[in-house]
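Following: one structure in structure tokens, then a few remarks.
The values are calculated or read from the model by the stated rules, or taken from the named source; none is laboratory data. Predicted model, so just to flag it, every value in this text is computed and none were measured. So basically every Cβ, Gly included, is an ideal-geometry build from the backbone, and we count neighbours across all protein chains shown. Ligands, DNA and RNA are stripped out before the accessible areas are found, and what is left, the full protein with its side chains, is counted by its heavy atoms. Shrake-Rupley method; radii C 1.70, N 1.55, O 1.52, S 1.80 Å.
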Amino acid sequence: MSAATTRSRTPDRLCAEAIDLARTAAEEAAAPGVVGEHAGLTTEGDRVVTHFFECKELGYRGWRWAVTVARASRAKVVTLDEVVLLPGPDALLAPEWVPWSERLRPGDMGPGDLLPTDAEDLRLEPGYSGEDEPVPSSPVSEEMAELVEAEDAEVTGGTPAHLPAVPSRGSIAAVAEELGMRRARVLSRYGLHVAADRWEEAHGAKTPMAQAAPASCVSCGFLAPIGGSLGQAFGVCANEFSPADGRVVSLTYGCGGHSEAAVMPKPPRPAPPVIDETRVDPFPLRPAADSGSVPVVSDEDAAELGHS
């Protein structure tokens with residue numbers, strides 16, 4: 001250990017004894033009665049010492065007033081450097097700030113709350129584009145669609161060895177397979193009605209969330225449609241921040257997480273300047289000869305009339 005390091009860790013005697021100077025400086029910076037007892041000192045360097053005083057301010061539990069004093073080389077007068085309020089080892093600190101986009105958790109949104117969605121949200125994509133090509137989320141890519149059309153083939157979900165046996169196309173069994181009627185029993189009209197009433201009561205238009213929503217689910221990009229007759233009135237919510245995420249919701253239901261309710265716009269571009277300061281506009285010092293009502297008079301005639 002060098003001698004310089006030893007001197008820096010040893011408190012200067014005059015600076016360590018300047019407790020009254022440090023207390024006076026702390027009381028001037030703080031409110032009356034806020035500075036408490038002396039809580040120790042620490043060495044910042046050669047002839048530089050920081051004194052700590054307890055803080056009695058409400059809401060600042062564990063904080064300390066730190067007053068740094070110093071002394072010049074070969075000087076006997078201690079001077080004041082700075083006074084700050086610093087947290088101690090057991091100080092009550094505010095939690096680390098987290099952006100709202102990372103702080104929000106599923107279930108935090110209540111009635112009347114709006115959840116802005118980015119204009120380029122990765123969870124959303126354009127709807128009908130007017131072009132006869134698969135959307136980006138289609139299981140069939142553009143290249144595969146061209147190959148299928150060229151070969152007049154059918155796209156399957158895997159190799160034939162791993163596909164279940166399906167009825168031949170055009171048969172009654174194939175139509176029943178498409179309509180979902182190859183099961184032993186299906187929902188009756190009563191079963192459909194009671195399910196619709198149950199879903200409507202849980203996530204329908206009369207719920208407080210839907211009453212305070214800016215728009216309904218029928219126009220939301222997070223709505224996943226369902227098949228069958230119930231698909232005409234219900235869908236599945238796919239917004240993880242919505243209180244109805246993963247649940248069957250009525251098309252008349254709504255919440256603040258609507259995809260188009262509060263779209264965050266892109267940063268606006270500055271408007272063009274009203275005054276173009278880069279161009280010089282000439283202004284004549286004298287009006288044109290034919291711009292006024294006074295007739296043009298020569299200098300000789302003006303001199304006779306007494307004009308200078």
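Side notes on the structure shown:
- Whenever a residue of segment 45-61 is in a loop (DSSP other than H, G, I, E, B), its partners that are of a type in the set (Lys, Arg), lying with C-beta atoms within less than 9 angstrom and at least six residues away or across chains, give the pairs Asp46/Arg7; Arg47/Arg7; Arg47/Arg71.
- Within segment 73-97, being over 19 Å from Leu41 (Cα atoms) and free of Cβ contacts under 8 Å to residues at least 40 places away in the same chain holds for Ser73, Arg74, Ala75, Leu92, Leu93, Ala94, Pro95, Glu96, Trp97.
- Considering segment 81-106, the residues that are exposed (fewer than 12 other Cβ atoms within 10 Å of the Cβ) and at pLDDT below 75 include one that is farthest from Glu260 (Cα to Cα), namely Trp100.
- Conditions (1) β-branched (Val, Ile, Thr); (2) modelled with pLDDT of 70 or more; (3) outside any strand (DSSP E or B): number failed by Val294: (2)
Conditions tested, residue by residue: (1) open to solvent by less than 50 Å² (accessible area, probe 1.4 Å); (2) in a loop (DSSP other than H, G, I, E, B); (3) of a type outside the set (Val, Ile, Thr).
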residue: Leu230; (1), (2), (3): yes, no, yes
residue: Asn239; (1), (2), (3): yes, yes, yes
residue: Asp245; (1), (2), (3): no, yes, yes
residue: Val249; (1), (2), (3): yes, no, no
residue: Cys255; (1), (2), (3): yes, yes, yes
residue: Ala261; (1), (2), (3): yes, yes, yes
residue: Pro270; (1), (2), (3): no, yes, yes
residue: Pro273; (1), (2), (3): no, yes, yes
residue: Glu277; (1), (2), (3): no, yes, yes
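- The numbered conditions (1) modelled with pLDDT of 90 or more; (2) assigned to a loop (DSSP other than H, G, I, E, B); (3) open to solvent by 60 Å² or more (accessible area, probe 1.4 Å) are all true for Ala205 except (3).
- Residue match in segment 55-65 (condition: in contact with a helix residue (DSSP H, G or I) (Cβ under 6 Å, 6 or more places away or on another chain), closer than 24 Å to Arg13 by Cβ and surrounded by 13 or more Cβ atoms within 10 Å (Cβ to Cβ)): yes
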